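Reading through the structure tokens given below for one structure.
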Amino acid sequence: MTSSLSAGKYRSLRRLSDAQGRFKMMAADQRPPIIKAIDQKLGAGSASYERVGGVKRALVKALAPTSTAVLIDPDYGYSLAFDALPSAPGLLLTLENFAFEESPGGRKTFVMKDWGVDKIKRAGADGVKLLLWYRPDCAADVREHQHNLVREVGAACKAYDLAFLLELLVFPFAGAADHTTDYIEHKDKRPELVLQSVRDFASPDYGVDIYKLESPLAASNLPDPTSGGTDVAEAQRWFDDMGKLIDKPWVMLSAGAGMEEFRRVLHYAFKAGANGFLAGRAIWWQAFLQHYPDLAAMEHALATEGAGYLAEINKMTDAMARPWMQSPAFAKGATLDDAGQTFPSRYPAFA
């Protein structure tokens, strides 16, 4: 059982959460969905760096002030939104290239070219986010590649003493009837694949500090958690079983769910011990989709409907989520590695 943290990772977790240890993080690193929507609205090839980055800047400006942290990508988002980031929220930067390699055996994730954990640390971020396309029944070479990538990122985050957030997404195989290259949550998603994916990366050998997890059941299929009944109990069991697989902090992603659907996801997840959320489209997608390219109208909708919804789920998180310091890994209390008068000599320098 882990009970201590290195100085950098401890500081990262504190920066990404609120004073009580709950994560209320907003994701603005989505690239393919925004690019695709702009091209559909304005014509193919219209999703320029300036247009995509302009959307991300608007998201950050409206929603960062009431988030404990912001996740943004380094290619389209950060350069155009950096000065809109308030000083208080923590910062997560995306590591992976959104373009993956697909074969009949599955998907291989790659780090963005000319980018790495070292640069994320140097940029002053509080954590590294890696999205991993994964399913336990993928081909052996794909599975080996994905596992090795997570180990490498975990080792780099340990070396640079930076929090590592791993996002796991199950996907349909190429050729399947429900296959898409964008992430779309399908109603017939198999919860056992979601749970086995979490189980496959639960070992501390991977160096993960926060898990960003999808709902084991499609959000659109989740029953109202306040309605009672056997279907509610069955849904809760899937979330409970997922939460028991890991002892580190974990948060929920929204996977493009609607606002009410994501409220239900959070209700089940918080009852299962989740420590918060890292969500994007559930918060801001409607404001973007309904009003773009009218940026003024979009910004108004973000500042009203988007920020209002974020405030609602923040309040829900305050009431129901477990602080990360109470995760099983820190049941004895989160202590500092190398603490004491000899800290200056014992705390390792960069290699």
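The values are calculated or read from the model by the stated rules, or taken from the named source; none is laboratory data. None of these values were measured; they are calculated from a predicted model. Heads up, the Cβs are rebuilt from the backbone with ideal geometry, glycines too, and the neighbour counts pull from every protein chain shown.
Residue under question is E305, and the condition is that it be in contact (Cβ under 8 Å) with a residue 12 or more places away in the chain, of a type in the set (D, E) and closer than 23 Å to V52 by Cβ; does it hold? Steps first, please.
On the way: in contact (Cβ under 8 Å) with a residue 12 or more places away in the chain: yes; of a type in the set (D, E): yes; closer than 23 Å to V52 by Cβ: yes.
For E305, the condition - in contact (Cβ under 8 Å) with a residue 12 or more places away in the chain, of a type in the set (D, E) and closer than 23 Å to V52 by Cβ - is met.
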Among (1) outside any helix (DSSP H, G or I); (2) closer than 30 Å to A155 by Cβ, the one test that P293 misses: (2)
Within the stretch 267-287, considering residues that are surrounded by fewer than 24 Cβ atoms within 10 Å (Cβ to Cβ) and assigned to a helix (DSSP H, G or I), the one nearest to the chain's Cα centre (by Cα): R281
Among the candidates K158, K121, residue that is surrounded by fewer than 20 Cβ atoms within 10 Å (Cβ to Cβ), assigned to a helix (DSSP H, G or I) and either of a type in the set (K, R) or at pLDDT 95 or above (or both): K158
Test for R15: is it in a helix (DSSP H, G or I) and within 30 Å of D337 (Cβ to Cβ): yes
Long-range neighbours under 6 Å by Cβ, at least six apart or interchain, first residue within 16 Å of W250 (Cα to Cα) within the stretch 324-345, second of a type in the set (D, E) and surrounded by 10 or more Cβ atoms within 10 Å (Cβ to Cβ): P328/D247; A329/D247
